[in-house]
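Participant: Could you have a look at this structure, given as structure tokens, before my questions?
The values are calculated or read from the model by the stated rules, or taken from the named source; none is laboratory data. These numbers come from a predicted model, not from an experiment. Neighbour counts run over all protein chains shown; Cβ positions are idealised from the backbone, glycine included.
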């Protein structure tokens with residue numbers, strides 16, 4: 001008996017797991033922007049890229065780029081991308097799968113003549129853990145990284161600019177080295193779903209038609225802290241009781257406004273003692289909906305619900321908008337081509353919205369962009385147990401190869 | 001014009017404020033068990049006691065005791081008591097008012113012959129801040145302070161026994177020096193209400209017929225933490241949404257079961273990030289009712305409410321009893337005598353239950369005990385702005401004097 005050689009999907013999965021061992025924190029997978037583990041990941045990826053004779057370079061935000069050129073120097077370029085930084089104590093596939101799978105596609109296509117070049121960018125920073133803001137690399141690639149961004153500091157007080165210098169790069173060269181290749185006519189990001197939809201439907205892959213908009217708000221309920229034993233119920237101004245009624249209203253509103261999702265994820269109670277009526281509650285609200293108008297209506301309705309829950313208890317509430325992001329559509333023509341490729345490869349694929357933010361939404365206004373989702377078993381992500389199935393990775397690879405082979409212009413950006 | 005000399009109530013208030021300046025933390029009133037500020041408070045109180053020629057001693061838990069003896073050495077003893085330790089950043093009257101007012105009563109009575117002795121004990125520890133358990137001094141006085149209590153440590157790792165030694169006292173002498181005086185036939189604690197009932201009714205004082213029982217529980221809701229953007233509402237197991245529905249049920253149950261009070265005072269959400277569905281909530285429940293059966297029924301009902309809120313969301317909940325204290329009745333005959341004294345002094349006084357715990361509930365099973373409440377303006381206590389009104393202090397003093405002058409045996413303990 002001889003051992004069967006691994007399938008191409010198995011090889012992709014095994015490479016992702018190999019990268020997961022390159023970590024800033026032993027025993028887990030934590031690979032932050034421009035850390036030592038990022039350097040190790042670059043070295044590993046460079047080795048794999050050179051195996052297939054690809055030209056490589058690192059741009060000045062530390063994104064690793066490789067290009068497969070076509071004979072015609074004026075030919076357009078297809079961009080494949082995802083990210084190689086991670087959250088704290090991450091899984092092996094968030095971001096990394098898209099990079100490794102795209103590289104496998106380049107390898108598969110090495111003997112196929114194509115009328116365009118293909119660039120693969122392993123983005124150095126998407127999660128935003130180190131400097132507290134996401135999409136640093138894609139912001140740079142679309143000319144949106146500012147001096148203010150470069151001055152931000154990490155937990156050790158190191159600025160973005162210094163982190164770039166410490167990695168041997170030059171922040172002053174960002175505008176020249178971090179632009180998109182000329183004539184980039186289409187862009188594709190492959191990413192795990194990070195949600196339960198495909199797993200619940202028992203489907204391998206989906207095409208992403210848009211990344212849904214979100215509003216983040218902060219609600220502060222101010223009542224009166226008082227003795228839990230000596231204050232009769234009618235004389236109370238319980239900030240937590242008010243917040244609780246509101247949280248129930250948030251859940252109910254979302255449940256009746258599908259596909260809205262609304263989450264109170266952070267909630268702090270003050271003073272927070274067993275025998276003291278809560279005088280103050282500080283809570284977050286995260287609202288997402290593919291339709292921006294529906295999202296704005298939800299914000300208004302849930303502010304009113306908070307007001308009502310507070311007023312009936314003699315509690316004051318203030319709501320403040322912390323951040324807002326409009327829904328970003330993927331390029332419809334490109335998304336259709338991706339869906340057709342999946343069909344030809346034998347897969348039923350739904351179009352769906354991404355509830356999570358991705359670099360694709362930063363590129364979309366600048367270049368026709370689409371996204372392919374790969375099932376997340378149990379919807380699990382941002383967790384060491386995050387995984388992918390071999391059959392799903394094969395479906396994504398086959399679809400990507402068919403998509404690239406059939407890809408044709410013209411496409412217009414969806415400003 | 002000459003300045004009017006202060007009234008006796010003004011003098012009591014001014015002495016309380018003087019003691020409030022003796023603090024372990026400059027700028028606030030924080031006087032913990034056997035601290036340096038306790039020593040200063042002893043010195044101040046000793047001076048006032050000696051002004052009226054009273055015999056004094058410090059027992060081996062650091063309670064300061066003074067006695068006005070009657071000629072007959074076999075005469076019974078009336079005990080007056082309250083405490084001189086404070087919570088963190090306290091007000092000037094919690095505990096201290098009872099000690100200072102009782103001393104003023106002794107002064108007023110100095111020329112009145114009485115058929116019994118009167119002992120005043122300024123208890124060294126009621127709040128339980130330093131060692132994390134309350135009523136240390138009254139437990140010692142009733143023979144309930146154990147070796148386990150003495151081995152407890154404060155934040156610096158100092159044991160109760162060592163704290164006693166460091167104050168120049170001897171923990172081995174507690175059983176002999178900390179007993180009640182022989183023939184103690186009645187006990188009275190004067191204390192601020194620490195609640196809003198008297199203020200809402202515009203009444204100066206009340207007699208306390210009992211200290212209401214309480215149950216403290218811990219509820220842990222376990223759902224699934226997940227991405228707030230990618231997890232549709234029907235696929236969520238939101239621990240906070242479950243807890244919120246339960247908190248609303250707690251409030252509603254209490255509102256419809258007067259005089260029950262129920263409070264969720266502590267609540268922690270995990271992981272507690274804006275964009276993550278809460279996977280775990282850890283919450284407290286404090287339930288109090290004068291009737292122990294009604295309290296037990298409430299515990300059962302609110303455990304069931306938590307179960308229902310959890311189950312409907314695929315969340316698990318566990319409830320565990322953290323502590324329980326049965327309702328303690330004050331001595332009915334003594335309480336009636338106190339109420340009659342108040343009437344003779346010209347005050348309408350209600351009987352009420354105390355929602356807060358007091359040393360009186362530790363003494364009550366051992367000696368006929370009653371309690372007099374003094375209005376807390378705005379119901380405010382455990383706060384630097386805690387105050388009392390002169391007219392209310394005068395009402396309490398007049399009532400106390402009349403009560404003592406008319407006090408008669410026999411009384412039986414209410415086991």
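Participant: If residue B:186 satisfies every condition in (1) part of a strand (DSSP E or B); (2) under 16 Å from the mean Cα position of the chain (by Cα); (3) closer than 30 Å to residue B:13 by Cβ but one, which is the exception?
Facilitator: (2)
Participant: Sticking with this structure for a sec: Hey, residue A:208 hits all of (1) closer than 30 Å to residue A:332 by Cα; (2) at the interface with chain B (Cβ under 9 Å from one of its Cβ atoms); (3) buried (at least 24 other Cβ atoms within 10 Å of the Cβ) but one; which does it fall short on?
Facilitator: (2)
Participant: I would also like to ask the following. Before we move on, is residue A:291 within 30 Å of residue A:204 (Cβ to Cβ) and surrounded by fewer than 22 Cβ atoms within 10 Å (Cβ to Cβ)?
Facilitator: Judged against the criteria, residue A:291 is a match.
Participant: Could I ask something else about it? Taking residue B:198 and the conditions (1) facing chain A (nearest Cβ under 7 Å); (2) over 19 Å from residue B:267 (Cβ atoms); (3) surrounded by 23 or more Cβ atoms within 10 Å (Cβ to Cβ), which numbered condition does it fall short on, given that it satisfies the others?
Facilitator: (1)
Participant: Considering only the range B:108-144, state which residues are surrounded by 20 or more Cβ atoms within 10 Å (Cβ to Cβ) and over 18 Å from the mean Cα position of the chain (by Cα).
Facilitator: Correct list: B:116, B:117, B:118, B:119.
Participant: Right, here's the next one. Report yes if residue B:209 is closer than 14 Å to residue B:282 by Cα and assigned to a strand (DSSP E or B), otherwise no.
Facilitator: Judged against the criteria, residue B:209 is not a match.
Participant: Please determine whether any residue of the range A:47-69 is loosely packed, with under 15 Cβ neighbours inside 10 Å, without any contact (Cβ under 8 Å) to a residue 12 or more places away in the chain and closer than 17 Å to residue A:17 by Cα.
Facilitator: Yes.
Participant: Any chance the range B:338-359 includes a residue that's more than 13 Å from chain A (Cβ to nearest Cβ), within 20 Å of the chain's Cα centre (by Cα) and under 30 Å from residue B:243 (Cβ atoms)?
Facilitator: no
Participant: Then there's this: Which residue is modelled with the lowest pLDDT, if the candidates are limited to the range B:266-290 and must be farther than 22 Å from residue B:255 by Cβ and more than 7 Å from chain A (Cβ to nearest Cβ)?
Facilitator: B:271
Participant: Can you tell me which residue within the range B:218-235, out of those that are under 44 Å from the mean Cα position of the chain (by Cα) and surrounded by fewer than 24 Cβ atoms within 10 Å (Cβ to Cβ), is farthest from the other protein chains (Cβ to nearest Cβ)?
Facilitator: Here the residue is B:222.
Participant: Only one of A:293, A:300, A:248 is in a helix (DSSP H, G or I), at the interface with chain B (Cβ under 9 Å from one of its Cβ atoms), without any contact (Cβ under 8 Å) to a residue 60 or more places away in the chain and out of contact with any strand residue (DSSP E or B) (no Cβ under 9 Å at 6 or more places or on another chain); which?
Facilitator: Only one candidate passes the filter, namely A:248.
Participant: Look at the range B:316-336 and say how many of its residues are surrounded by 20 or more Cβ atoms within 10 Å (Cβ to Cβ), in contact with a helix residue (DSSP H, G or I) (Cβ under 6 Å, 6 or more places away or on another chain) and away from chain A (no Cβ under 14 Å).
Facilitator: Of the residues in that region, 1 qualify.
Participant: Any idea which residue in the range B:251-263 is farthest from residue A:238 (Cα to Cα), counting only those that are within 7 Å of another protein chain (Cβ to nearest Cβ) and buried (at least 24 other Cβ atoms within 10 Å of the Cβ)?
Facilitator: Among them, the one singled out is B:261.
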